[in-house]
Amino acid sequence: MDNFTQTLIHTRHHVSPKRLGDPGPSRDQINEILAAAGAAPDHGRVTPWHFYEITQQSRAKLGEVFAQCLLDRDKEASETEIADARDKALRGPLLLLAVAKLGSMDEEIPAQEKLISAGCAIQNILLTVHDMGFAAGISSGKAIYSQRMKDLFSLGEDEAPLCFITIGTATSSKAGRIRPNFSDYSTQF
């Protein structure tokens, strides 16, 4: 691996959506970011993932789903907690939802391979964003797995929301996490 690839991989780190602001990527850069997902391994060429770009006009709808999901879990949530849940939809200049398209169990390509492909597509996006000089964070939370979220995006039974990807410019920095040594997660067999 060349130094550029090593540097790109080892300097990319999660930035909390709370710490992502303007400027965000241009339309051409967004197209390039999304095109990077298409380079992910894809056994059978089934494109087992989809990315939804949440526009500024749709963020209020998403925020309302976050608030309703909170109330589903906690009927006594305070107005501040409800407002905080709504505000999650407003973070960062670019917000994507990654969805896995798992299909039925009788298909030739197993669901695990489809999830791996989706994960690779997400990583391609994260590395492309980092290479462009932007920062990104992925997030999930309980609301993402709710029926309300599936309904908002008109997802089918075989589609699973995986994570939100928030992209923008880091407004503050935090020390990157210490990465594990490869010997902690690999074994010779």
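Bear in mind that the values in this text are calculations on the coordinates, not laboratory data. Being a predicted model, the structure only gives us computed values, none of them experimental. Cβ: placed from backbone, ideal geometry, glycine included. Neighbour counts: every protein chain shown.
For the reader, a short list of remarks on this structure follows.
- Between GLN147 and LEU34, the contour length at 0.36 nm per residue exceeds the Cα-Cα span by 38.1 nm.
- Cα-derived Rg to Rh of the chain, Kirkwood definition: 0.99
- Helices of the chain meeting both criteria, an alpha-carbon length of 15 angstrom or more along the long axis and an average Kyte-Doolittle score not below -0.5, with helices taken as full DSSP H segments, are 27-37, 59-73, 111-131.
- Between ARG27 and GLN57, the simple spin-label model (points 7 angstrom out along Cα→Cβ) gives 1.3 nm.
- Cross-link reach is defined here as a Cα-Cα straight distance under 18 Å, omitting same-chain residues fewer than 8 places apart; for LYS150 the lysines meeting it are LYS61, LYS88, LYS101, LYS142.
- Tail beyond 21 Å, pair distance distribution of region 101-189 (Cα, percent): 53
- Ranked by the mean number of other Cβ atoms within 10 Å of their residues, highest first, the peptides 109-118, 35-44 fall in the order 109-118, 35-44.
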